[in-house]
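Below you'll find the structure, written out as structure tokens, and then a few comments.
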Amino acid sequence: MKTTGNTILITGGTSGLGLGLAQRFAAAGNTVVVAGRRTALLAEIEAENPGITGLEMDVAVPASIQNGFETITASHPDLNVVITMAGIMQPEDLTTAGFLETAEATITTNLLGTIRTVAAFTEFLQGRPDAAFMTVSSGLAFVPLAMTPTYNATKAAVHSFTEILRLQLAESGVEVLELIPPAVATTLLGQDEDTSGRAMPVDEYLDEVFEILSTRPDEKQVMVERVKMLRFAEVDGAYDRVLHMLAGSH
Ligand SMILES: NC(=O)c1ccc[n+]([C@@H]2O[C@H](COP(=O)([O-])OP(=O)(O)OC[C@H]3O[C@@H](n4cnc5c(N)ncnc54)[C@H](OP(=O)(O)O)[C@@H]3O)[C@@H](O)[C@H]2O)c1
């Protein structure tokens, strides 16, 4: 995808990777709209970032996605990139039934939220020049983390869904990218408080992502060096070792 001159919607753009990416895209000459549920935060982001507009959208609620679609396509008819960043990550204990509520919420936000957002925007984007979807999976799509079983499963599903989204849109002119982050120090699961060095600093991660987007525009799976150990564990014959290493790290 091109890195300047776009009009970009980032769902889950109120904090962490979404907000950081929004700021980088805005600085690089793109018009950026960040969406999320925290309205006070959206207003704050707008006030502090002149190139960024906020949009209230809850990807767990179909009517909210539809409403967001109608609002942004009216206010920004030149929208050409949609990044499905919204996600949650919560620990689950599968030995008691209580995990089900977390599992269902995780699937609703991470997987259904991604699919519903794609459904809302796919026809619109096909009419736009330089159009792109960017989905967000995780290194944990490729080797699961013991404490977050349903989260891992949603990210594996997002990866699989993205592969076919790319194939089905191949003739349409809509590019499909997949961002595959490693552990990055955001508030998603308290990685920002982890002093072990396992989580990559947000700025370092986003600098490397932007470098990849700017210098390798044909890259479909956007992977920083740090995530390759997870992404290619099975290919490298390291799957069992990495699985147990991750299980032991929590
Ligand atoms: N940080 C990591 O280590 C890591 C690694 C791999 C993948 N990822 C993925 O990267 C993405 C961003 O995570 P992050 O680390 O930046 O965490 P974060 O700071 O917690 O950001 C999560 C974002 O998702 C939004 N969100 C959550 N539920 C939503 C909903 N129902 N509707 C709309 N927006 C919703 C939040 O906004 P509101 O609360 O305002 O709605 C927030 O902007 C996620 O998909 C995550 O799975 C992160």
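The values are calculated or read from the model by the stated rules, or taken from the named source; none is laboratory data. In this text the structure is predicted, and so the values were computed from the model without any measurement. Quick reminder, even Gly has a Cβ in these numbers, built from the backbone with ideal geometry, and neighbours come from all protein chains shown. Heads up: the accessible areas ignore ligands, DNA and RNA and are worked out on the full protein's heavy atoms, side chains in. Shrake-Rupley method; radii C 1.70, N 1.55, O 1.52, S 1.80 Å.
Data overview
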read-out: Residue 105/residue 171 FRET efficiency (R0 35 Å; Cβ-Cβ; nearest 0.05); value: 0.45
read-out: Computed accessible area, residue 24, all protein chains, 1.4 angstrom probe, square angstrom; value: 50
read-out: Accessible carbon and sulfur surface of segment 7-248 relative to its total accessible area, %, 1.4 Å; value: 54
read-out: Cβ-Cβ FRET estimate between residue 241 and residue 61, R0 fixed at 41 Å, reported to 0.05; value: 0.50
read-out: Net length gained if the chain between residue 47 and residue 212 were fully extended (0.36 nm per residue, minus Cα distance); value: 56.5 nm
read-out: Long-range HN-HN contacts of residue 134 with modeled amide H, under 5 Å; value: 82, 83, 84, 177
read-out: Alpha-carbon centroids, segment 191-250 and segment 50-96: separation in whole Å; value: 24
read-out: Two-site label geometry, residue 193 and residue 75: point separation in nm, points 7 Å out along Cα→Cβ; value: 3.4
read-out: Residue-level accessible surface for residue 235, protein heavy atoms, 1.4 Å, Å²; value: 120
read-out: Surface accessible to a 1.4 Å probe, per residue, for the residues of the chain, Å²; value: 45
read-out: Solvent-accessible ranking of 207, 194, largest area first, probe 1.4 Å; value: 207, 194
read-out: Vicinal HN-Hα couplings computed from phi for segment 43-53 (Karplus, 6.51 cos²θ - 1.76 cosθ + 1.60; Hz; Gly/Pro x); value: 5, 4, 4, 4, 5, 8, 10, x, x, 10, 10
read-out: Solvent exposure ordering (accessible area, 1.4 Å, most first) of 38, 241, 231, 116; value: 241, 38, 116, 231
read-out: Accessible area of residue 159 in the full protein assembly, 1.4 Å probe (Å², nearest 10); value: 30
read-out: Mean ellipticity per residue at 222 nm, deg cm²/dmol - from DSSP H runs of n ≥ 4 across the chain, formula -39500 (n - 2.57); value: -13000 deg cm²/dmol
read-out: Taking the chain and dividing mean pair separation by its residue count, relative contact order in percent (alpha carbons under 8 Å, at least six apart); value: 18
